Amino acid sequence: MMRQENAVSTGLTFQEICPDFDEWPDRWQIMSEDRPYGRELLTIFKPFCEDLVAKGFSKSTIKRHLGFLWVLGGELIEEINEYEGKRTRPAMDLLMDQLDPDGGPYCRHLEGESEHRAFDATCKKLYKFLQESQAKDREAGAPSGYDTSWDLVLDEKGNRPTNEAAYDEKSREWQWRDWKKWLEENLVFPFDVIRKEDDDDSIEIAANEPFSVGHQMTAFGLAGEMGGYGIIARVKERRRKGHAPLCDLEVTPPGDRNFWPVREYVVWFANR
């Protein structure tokens, strides 16, 4: 049996394997406004494609994955045209909404179970790559020089800051902060969270129900603000997607770079 040469051994780049890669946004577009969104998707797909080559996959395997990336991008462009409100969401946000450890979205253009399985295999590989890439971005923890002494610590007198002066300074910052904008600038999605609270006394959620207190889930975006609940996070637990108030969540592990931005919001929200 003849062994297939991999892309590294032949010196090929993924652009040589797929020379029309840069033209995908023009081919995906339903209207001219779709092109910028398509280009944003390409910037996400490109490192993944380069990684396929670097890992020594065969040319035919890379071509197969590229083919399904093309299909995935087309599905996302159809999504923002079908649901116009989604066009304002960052491409990474919408993409992670469609991916999970088991695969990708349902695609009406694929035929047969085997083709859907192959498409899901590409989506699973892309999801894992993006998760690992974003985990590296999050490993830095608190920024260099970040003073955590403002945080509240529970003692016999209640929740009190370690350093009153640092807490007062933070409070002054929080007073004028545009929280939605600030969080979007400082959070790196997706990241893992645990639901620590549920302030909705009108609805009792069973402990075994998704998104309930004590459950670990993945936050993959912000959905906006809702009355007394504050900023709402888009979350996933296994294959279920839902929403949870950000004020009820705690980032895990504490070394994740998202821990302190979310913690600032939670403490501000509880004491506003």
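None of the figures in this text is laboratory data; all of them are computed from the coordinates on show. These numbers come from a predicted model, not from an experiment. Please note: Cβ atoms are built from the backbone with ideal geometry, for glycine as well, and neighbour counts cover all protein chains shown.
List of remarks:
- Among Ala165, Ala121, Ala91, residue whose mean-square fluctuation peaks in a GNM of the chain (springs only between Cα atoms under 10 Å): Ala165
- Length-normalised contact order for the chain - Cα pairs under 8 Å, 6+ apart - percent: 13
- What you get for the chain, charging only the Cβ of Lys and Arg (+1) and of Asp and Glu (-1), is a dipole of about 760 debye around the Cα centre.
- Taking the C-alpha atoms only, the angle from helix 59-82 to the longest principal axis of the chain is near 60 degrees.
- Net charge of neighbours whose Cβ lies under 12 Å from the Cβ of Glu40, counting Lys and Arg as +1 and Asp and Glu as -1: +3
- Largest first, the three principal axis extents of the alpha carbons in the chain are 74, 40, 39 Å in whole numbers.
- Contour excess over end-to-end distance, with Cα ends at Glu115 and Lys180 and 0.36 nm allotted per residue: 19.4 nm
- Considering only alpha-carbon pairs that sit under 8 angstrom and 6 or more positions apart, the relative contact order computed for region 7-138 is 23 percent.
- Highest mean packing comes first when the peptides 240-247, 177-184, 82-89, 51-58 are listed by Cβ atoms within 10 Å, giving 240-247, 51-58, 177-184, 82-89.
- Separation of the Glu78 and Ala270 label points, Cα + 7 Å toward Cβ, nm: 4.6
- Radius 14 Å from Cβ of Ala166, net charge of other residues (Lys, Arg +1; Asp, Glu -1): -3
- Degrees between helix 112-138 axis and first principal axis of the chain (Cα, 0 to 90, nearest 10): 50
- Separation of the Glu225 and Arg240 label points, Cα + 7 Å toward Cβ, nm: 2.9
- Degrees separating the helix 164-175 axis from the principal Cα axis of the chain, which is the longest one: 60
- Straightening the chain between Arg27 and Ala165 buys 44.0 nm, computed as 0.36 nm per residue apart minus the Cα-Cα spacing.
- For region 7-138, the share of alpha carbon pairs falling in successive 5 Å distance bins from zero is 2, 10, 21, 22, 22, 15, 6, 2, 0, 0 percent.
- Projecting the Cα atoms of Leu12, His116, Trp179 onto the dipole axis of the chain, where Lys and Arg carry +1 and Asp and Glu carry -1 at the beta carbon, places Leu12 farthest toward the positive end.
- Here the residues Tyr106, Tyr37, ranked from fewest to most Cβ neighbours within 10 Å of their Cβ, fall in the order Tyr106, Tyr37.
- Ranking of Arg263, Arg108, Arg117 by neighbouring Cβ atoms within 10 Å, starting from the fewest: Arg108, Arg117, Arg263.
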